[in-house]
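The values are calculated or read from the model by the stated rules, or taken from the named source; none is laboratory data. The shown structure was predicted, so the numbers you read here are calculated from the model rather than taken from an experiment. Glycine also receives a Cβ, built like all others from the backbone with ideal geometry; neighbour counts cover every protein chain displayed. Ligands, DNA and RNA are stripped out before the accessible areas are found, and what is left, the full protein with its side chains, is counted by its heavy atoms. Shrake-Rupley method; radii C 1.70, N 1.55, O 1.52, S 1.80 Å.
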Amino acid sequence: MAGLYIHIPFCKSRCIYCGFYSTTGIKLRQQYVDAVIKEMEEVRRRKKEIEDDSIETIYLGGGTPSQLTIPQLHQIFDAIYKYNKVEMGAEVTIEMNPDDVTEVFADGLCLLPVNRVSMGAQTFNDERLKWLHRRHTSQQVAEAMERLRDNGIQNISIDLMYGFPGETLDDWQRDIDAALALGAEHISAYCLMIEEGTPLWQWANGKWTMDEELERQMYEMLIDRLEAAGYEHYEISNFAKPGYRSKHNSSYWNDTPYIGLGAAAHSYDGKGRQWNVADISQYIEQIEQGVIPYEREELDDDTRYNDRITVALRTREGLDLTTLSERHRRYCLSEARRFITDGLLQQQDQHLALTRRGLFVSDYIMSALVMV
């Protein structure tokens, strides 16, 4: 099985915190769609062995995929099913902005194979949405979800953000309550991060630092509230109702190969990883010339071990020690011993996982277990 990711790097406007590659120009949309389809065809031609591999998950991310038109999305999905063997019942996700989900767009979406939507709510405080340079209002999130459900989408994930300047625990609780009231099947929640080079980084530089203790309390509240509401905390930042884990994102955490198409998209085949150029004009130009503009890194055994540490330990199940070589297993358990003693890691059978206390210092634990 494999996953398929397509990067759609178009945004109507840029959010101040975003570090992903995107552009606010939409004049290249059709050329870009044509180029992605041509890359898909070329990948299939070069790697004939994937004929026997099934695509189990499809994910259109960005950027803002809902900035494409319904006919352009039809083009992409027609090509996906033409050039790939897609499993019956595959999880098919598209990211959307709430304000893009008009009645016309929602009606058109039901004619596509999409069965899961990931929507960036971020916060239900309209003033904070304006500060983030988000285009939508809190009311539009509820309206978008209602339109999607009316058109048959019964698997909706929303993104939440916490740790804003001036945000209190009461503010954060109101956001959590608003998300729960909408009944989303999946919630991803992230602390506001200051990415170098973003407008937020320029604004915060020397003027604002995060309150780590308050962020810890917010994370504690998030876990308590969502688990009490029946959500499974299956990854550090992700919560799902039973049966609604994100299969595509889980593939990143469980070493499943995935194919990435489009500008700045990444791929992984179990032996190495590669990434396309993060420049839409260069990407289109080279694809039109029959060249896929990518760089590749072959992974040695130690790098693969380090990758497993930094992704598998993010999950509730943790790291399956039987997937490691004897040398790496000995090293891992030797370094993990002190964290097990301190109650930050737990070993059950052949799995090593973070405890609840360990979640709050996960980066420190993972950095201690990797090989340098």
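Here are some notes:
- Test: residue 234 is modelled with pLDDT of 95 or more, farther than 18 Å from residue 10 by Cβ and either assigned to a strand (DSSP E or B) or charged (D, E, K, R) (or both): yes
- Residue within region 304-316 that is closer than 25 Å to residue 63 by Cβ, among the hydrophobic types (A, V, I, L, M, F, W, C) and out of contact with any strand residue (DSSP E or B) (no Cβ under 8 Å at 6 or more places or on another chain) present: yes
- Residue under evaluation residue 21, criteria (1) modelled with pLDDT of 90 or more; (2) closer than 13 Å to residue 263 by Cβ; (3) open to solvent by 10 Å² or more (accessible area, probe 1.4 Å); (4) not basic (Lys, Arg), criterion not met: (1)
- Count of region 274-290 residues, restricted to those that are closer than 24 Å to residue 65 by Cα and either of a type in the set (Asp, Glu) or out of contact with any Pro (no Cβ under 9 Å at 6 or more places or on another chain) (or both), is 7.
- Which numbered condition residue 345 fails, given (1) out of contact with any Asp or Glu (no Cβ under 8 Å at 6 or more places or on another chain); (2) open to solvent by less than 20 Å² (accessible area, probe 1.4 Å); (3) touching a residue at least 24 places away in the same chain (Cβ under 8 Å): (3)
- Residue 63 out of contact with any Leu (no Cβ under 7 Å at 6 or more places or on another chain), at pLDDT below 95 and surrounded by 22 or more Cβ atoms within 10 Å (Cβ to Cβ): yes
- Pairs with Cβ under 7 Å, 6+ apart, first in region 1-17 and among the charged types (D, E, K, R), second at pLDDT 90 or above and open to solvent by 10 Å² or more (accessible area, probe 1.4 Å): 12/67
- Taken together, 43, 117, 36 contain a single residue that is touching a residue at least 12 places away in the same chain (Cβ under 8 Å) and within 25 Å of residue 180 (Cα to Cα), which is 117.
- Note on region 66-79: residues that are touching a residue at least 24 places away in the same chain (Cβ under 8 Å), under 21 Å from residue 106 (Cα atoms) and assigned to a helix (DSSP H, G or I) amount to 9.
- The one condition in (1) over 23 Å from the mean Cα position of the chain (by Cα); (2) of a type outside the set (A, V, I, L, M); (3) closer than 20 Å to residue 6 by Cα; (4) open to solvent by 40 Å² or more (accessible area, probe 1.4 Å) that residue 108 fails to fulfil: (4)
- The listed residue being surrounded by fewer than 14 Cβ atoms within 10 Å (Cβ to Cβ) and modelled with pLDDT of 95 or more, out of 78, 34: 78
- Qualifying residues in region 283-315 (those that are part of a loop (DSSP other than H, G, I, E, B) and surrounded by 15 or more Cβ atoms within 10 Å (Cβ to Cβ)) - the one nearest to the chain's Cα centre (by Cα): 314
- Region 269-282 - residue that is part of a strand (DSSP E or B) and closer than 21 Å to residue 63 by Cα and, of those, most open to solvent (accessible area, probe 1.4 Å): 275
- Residue within region 89-100 that is surrounded by fewer than 16 Cβ atoms within 10 Å (Cβ to Cβ), in contact with a helix residue (DSSP H, G or I) (Cβ under 9 Å, 6 or more places away or on another chain) and free of Cβ contacts under 8 Å to residues at least 40 places away in the same chain present: no
- Any chance residue 329 is assigned to a helix (DSSP H, G or I) and open to solvent by 40 Å² or more (accessible area, probe 1.4 Å): yes
- Residues located in region 117-175, provided they are of a type in the set (Asp, Glu) and more than 20 Å from the chain's Cα centre (by Cα): 126, 127, 143, 146, 150, 167, 170, 171, 175
- Test result for residue 138, closer than 19 Å to residue 215 by Cβ, crowded, with 17+ Cβ neighbours inside 10 Å, in contact with a Phe, Trp or Tyr (Cβ under 8 Å, 6 or more places away or on another chain) and at pLDDT 95 or above: no
- Verdict on residue 212 being out of contact with any Lys or Arg (no Cβ under 8 Å at 6 or more places or on another chain), open to solvent by 30 Å² or more (accessible area, probe 1.4 Å), at pLDDT 95 or above and acidic (Asp, Glu): no
- In region 356-372, the residues that are more than 10 Å from residue 313 (Cα to Cα) reach residues that are modelled with pLDDT of 95 or more and acidic (Asp, Glu) with C-beta atoms within less than 6 angstrom, at least six apart or across chains, in these pairs: 368/335; 369/335; 371/302.
- Residues within region 332-372 that are part of a loop (DSSP other than H, G, I, E, B) and of a type in the set (D, E, K, R), tallied: 2
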